[in-house]
Amino acid sequence: MSTPEPPAKASQPAPGPPQPPPSGPRTLRLEIPPSTLLRLVLLGLALWGLIRLWPVILVLVVALLIVGTLSPAVQWLESRGISRGWGIAIVFASLFTVAVLTVTLTIPSLLAQASALLEREPMARAGLADYLARYPLSTPFANWLKHLDYSASWNQVGATALSYSMRLFEVAAYGMSALFLGLYMMIDRDRLRGGLFAVVPRTHHIRLSRVLLNLETIVGAYIRGQLITCLLIGAFTFVLLTACGVKNAMALAVFAGIADVLPYVGAIMSVVPVVLVALGHSPAIAAIVLVMMLAYEEFEGRVLIPRIYGRALRLPSSVVFFALLAGGTLMGLLGALLALPVAATVMMLIEELRVELPGEQEQVADTVLRARDDLAEEEYERRTEGVAAEQAAAIAVEISVDRKKEEHQAPPPSGT
């Protein structure tokens, strides 16, 4: 009996070399959804409008700075029983009176002293060059001062005077527009705030009111702090130079006060011209002025600024320096002036909106703050049921103010 043979396997062709892809051009189709295309068009229109309306946006920003600076004074008058309308009138009338008196009393003398400084500049430069020529290390700088010729630069002043005057007129017009816009915003505060709260969901009204309060605190503290520090260094420089017998003290003091608006850089800008002018009188007076100015800058940085600004600008030195560089690069002097409040506002928004940063873990303090937010929102929902947006905005601000007072009185929760 023979066993059946297994069926023979079908022969498979041996694998050959890989076949090359078919020759010829390949067609790639890029399809953009209509919604994406619409978003790109809207983004382009928004950027175009932002560029075209940039001066108007700057006017709005300056107006908000004015409102944030003057609102505490109006609120203080309101707490003394004066109506809001009369309080605004008193504050703006006082501001206008102070500005007129300042211009009337200081500008003529300032122009005269500045003219005298320009007339004495060749003689002072020659005296400084002769003094530096006595020492080998400063001889190259002395020779540079002796041969310094800026007559070519002065010849261009006449050609650019008209453009600068037109630019100055434009800046003055924008400044007046910002002032009047700030006045109208303070008068129509309730309606503007009600309109803003009407377009924001009610679940975010408490947080929005806290952001507005903190923003007003940051802006007001920064502007008032700048005014106070500039006035103090100007007064100190004037008294110091007058006591040392240095001429044209007012012009140098005004320059020091204006330069002090820039942190770090302003200190050097305010000290160097004052010391150079004092050096034209005698090295001893220049040394005294240098030591006193440096001592005041140290006193301002360690004592005055922390007390004046308080907790409004809680910025590390590295953030301050980076913000100044970025603001100055993007917008020049105006950008440098706005850099610090903008940086403080960004940090405040990160804190108030409870933005979780990638390298940060949630602390116990954050949990407590979230619980307080929930309680405040529940109270707000209960008190504003069936209430118009304008009244709801006032209630939200009232709740946020009360909570802010409680936070200042109670010790902050400790994180682990």
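The values are calculated or read from the model by the stated rules, or taken from the named source; none is laboratory data. Everything numeric in this text was worked out from a predicted model, so none of it was measured. Here the Cβ is made from the backbone with ideal geometry for all residues, glycine too, and neighbour counts use every protein chain on show.
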**Study point:** Failed item, numbered, when residue 219 is tested on (1) of a type in the set (A, V, I, L, M, F, W, C); (2) within 27 Å of residue 83 (Cβ to Cβ); (3) surrounded by fewer than 19 Cβ atoms within 10 Å (Cβ to Cβ)
**Key:** (3)
Check your understanding: Restricted to the stretch 172-208, and to residues that are over 26 Å from residue 380 (Cα atoms) and among the aromatic types (Phe, Trp, Tyr), which residue is modelled with the lowest pLDDT?
Key -> 174
Practice item. Output the residue which, of all residues in the stretch 275-308 that are more than 33 Å from the chain's Cα centre (by Cα) and of a type in the set (A, V, I, L, M, F, W, C), is surrounded by the fewest Cβ atoms within 10 Å (Cβ to Cβ). Key: 284
Check your understanding: Given the structure, is residue 142 part of a helix (DSSP H, G or I), modelled with pLDDT under 75 and surrounded by 14 or more Cβ atoms within 10 Å (Cβ to Cβ)?
Key -> yes
Check your understanding: Looking at the stretch 297-416, what helices (runs of 4 or more DSSP H) fall wholly within it and have at least 2 residues that are at pLDDT 75 or above?
Key -> 317-352, 364-383, 389-409
Review point. Given 124, 133, which one is modelled with pLDDT of 70 or more and out of contact with any Ser or Thr (no Cβ under 7 Å at 6 or more places or on another chain)?
Key: 124
Revision key, fill the gap. Within the stretch 70-84, residues being in a helix (DSSP H, G or I) and surrounded by 11 or more Cβ atoms within 10 Å (Cβ to Cβ) number 10
Study note, to complete from the structure: Here the qualifying pairs (Cβ atoms under 6 Å; residues six or more apart or on different chains; first in the stretch 372-398 and in contact (Cβ under 8 Å) with a residue 24 or more places away in the chain; second in a loop (DSSP other than H, G, I, E, B) and surrounded by 13 or more Cβ atoms within 10 Å (Cβ to Cβ)) come out as 392/384
**Study point:** Residue count for the stretch 261-280, restricted to those that are part of a helix (DSSP H, G or I) and either touching a residue at least 40 places away in the same chain (Cβ under 8 Å) or among the small types (Gly, Ala, Ser) (or both)
**Key:** 8
Check your understanding: When you look at residue 159, is it surrounded by 11 or more Cβ atoms within 10 Å (Cβ to Cβ), at pLDDT below 75 and in a helix (DSSP H, G or I), yes or no?
Key -> no
Check your understanding: Within the set of pairs 6+ apart or on separate chains, which have a first residue in the stretch 52-80 that is more than 26 Å from residue 173 (Cβ to Cβ), a second that is surrounded by fewer than 16 Cβ atoms within 10 Å (Cβ to Cβ) and of a type in the set (D, E, K, R), and C-beta atoms under 8 Å apart?
Key -> 78/84
